[in-house]
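Report on one structure; see the data block that follows.
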Amino acid sequence: MTGTDAMTTDRHLYRITGGAPLKGEVPVSGAKNAVTKQMVAALLTEEPVTIANVPRIVEVDLVVGMLRQLGVDVDWTGDHEIRVEAGAIADSGLAERYTGANRIPILMMGPLLHRVREAVIPLPGGCQIGKRPIDYHLDALRQMGAEVTEQPTAVHVKTTGLVGAHITLAFPSVGATENIVLAAVLARGTTVIHNAAVEPEIIDTILMLQKMGALIEVQTDRRIVIEGVRRLTGTTHSAITDRVEAASFAAAAVATGGSLEVIGARQADLTGLINTLHRIGGGFAETSRGLTFYRARDLTATSFRTDVHPGLLTDWQQPLVLLLTQAAGTSVVHETIYEDRFGYTLQLREMGARIELSTACLGGDACRFANRDHAHSAVISGPTPLSGRELEIPDLRAGFAFVLAALVADGTSTISGTRYLERGYEDPVSRLTAMGGQVDTVPVG
């Protein structure tokens, strides 16, 4: 099965019987949102780049396929280590089959413009969680000297040479920031990104680029300053661990009333999550290998809003909402990153959760979705018992919330759409069963 097939087809369903607390230990994989961008960054040099701590997930397989189609040598040199050598670029465009697969192709524009002066990139996809336009990306490349032609299913960019520019982002977009950095490191002159995103995964990719010879400074006021250099060299880099996966397991420990040592979890990456878990009733302790999470007391309601880093990560919202369905009182969650990220709550309501959505900016200051009729706030009343049922995962992060819901529910749930979860979580079934979860797979067809 190819990577694109895996994005559209379930290999199996999950069957989960709830009621068992998760206990023991679980290792955290490398950060998907760092590794995949670092694989793209390897296009910026002809020399080999070796990346360690790479998760074995569908998303990585997709990027491997894209790079190989461009003529790049990509080899697994260990269970979780990959070597990328872009000695020559054989193709300036990605195949149409990658249209809508994920958002990685759009990040290849800058590297391809430097290497072969043009790129034909299929329009990006990813999880259906709201509008994710690429206007910021294309406007930035135009400012840097690229000629951009938008087509119905692709974007064609070409240049005689990128130059530095001062670029102000209307919103600190992670993808746009990454795209500009990748385009700027070999551009002539200096690029300054104003209102840049500064998520840990971006910083980790900057650290790798710095090892390759890039000159990048991250300022304290959301400015990133990139001084273009003539060439970059190969390097070896170990990616940071995945803070989304770590948070998922932390929420699972608290929700099921268990205790999990999350090996590789870093407190510095999880401060907002830890504070929220503490307010709800979770506890944590540092260990020599990571962090242990557990239920410290009866769960109580709390309120929070998602935001750009260092705010509460939007990808932590879904498992926390599920956790709040088991907390006493009324909680309010205000989503400020994506306007359509609560669609998964309908199925939680069918399990017995009491969740009401609102178009108002509840629980705090107004956000950019105010008065725009987007249901981007949720009111959760609890605790409510959940009942097992058939569930269909709509996107990656909702997928773990559904798994968590099934783990705390009475009875057995059958979950389809598992391809979405496996896009971002390595070997979830065996890891959950090792923790004591009653989880098995049912073949499709």
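The values are calculated or read from the model by the stated rules, or taken from the named source; none is laboratory data. These numbers were taken from a predicted model, which means no experiment stands behind them. Reconstructed Cβ throughout: ideal geometry from the backbone, glycine too, with neighbour counts over all protein chains shown.
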Legend entry - Residues being among the small types (Gly, Ala, Ser) and modelled with pLDDT of 80 or more - total across the range 82-136: 9
Legend entry - Hey, GLU245 in a helix (DSSP H, G or I) and charged (D, E, K, R) or not: yes
Legend entry - In the range 400-445, residue nearest to VAL58 (Cα to Cα) [restricted to those that are out of contact with any strand residue (DSSP E or B) (no Cβ under 6 Å at 6 or more places or on another chain), surrounded by 14 or more Cβ atoms within 10 Å (Cβ to Cβ) and among the charged types (D, E, K, R)]: ARG423
Legend entry - First in the range 383-398 and assigned by TED's automatic domain parsing to the domain that holds SER331, second anywhere and acidic (Asp, Glu) and buried (at least 19 other Cβ atoms within 10 Å of the Cβ), Cβ under 6 Å, 6 or more apart: ARG397/ASP315
Inset, instruction - For the range 361-371, indicate whether the set of residues that are surrounded by 22 or more Cβ atoms within 10 Å (Cβ to Cβ) and either out of contact with any Cys (no Cβ under 8 Å at 6 or more places or on another chain) or under 18 Å from PHE249 (Cβ atoms) (or both) is non-empty. - result: no
Legend entry - Meets criteria (in contact with a His (Cβ under 8 Å, 6 or more places away or on another chain), surrounded by fewer than 22 Cβ atoms within 10 Å (Cβ to Cβ) and charged (D, E, K, R)) for ASP340: yes
Inset, instruction - List every residue pair whose Cβ atoms sit under 7 Å apart, with the two residues 6 or more apart in sequence or on different chains, where the first one lies in the range 147-159 and is without any contact (Cβ under 8 Å) to a residue 60 or more places away in the chain and the second, anywhere, is in a strand (DSSP E or B) and of a type in the set (Asp, Glu). - result: VAL157/GLU118; VAL157/GLU147; LYS158/GLU118; LYS158/GLU147; THR159/GLU147
Inset, instruction - Looking for whichever is surrounded by 22 or more Cβ atoms within 10 Å (Cβ to Cβ) and touching a Phe, Trp or Tyr at 6+ places or on another chain (Cβ under 8 Å) here; the options are VAL63, VAL35, VAL40, VAL26. Which one fits? - result: VAL26
Legend entry - Single residue of VAL26, VAL40, VAL60 found to be part of a strand (DSSP E or B) and either among the hydrophobic types (A, V, I, L, M, F, W, C) or touching a Lys or Arg at 6+ places or on another chain (Cβ under 6 Å) (or both): VAL26
Legend entry - Where ALA187 falls short, out of the listed (1) buried (at least 18 other Cβ atoms within 10 Å of the Cβ); (2) of a type in the set (Gly, Ala, Ser); (3) without any contact (Cβ under 8 Å) to a residue 40 or more places away in the chain: (3)
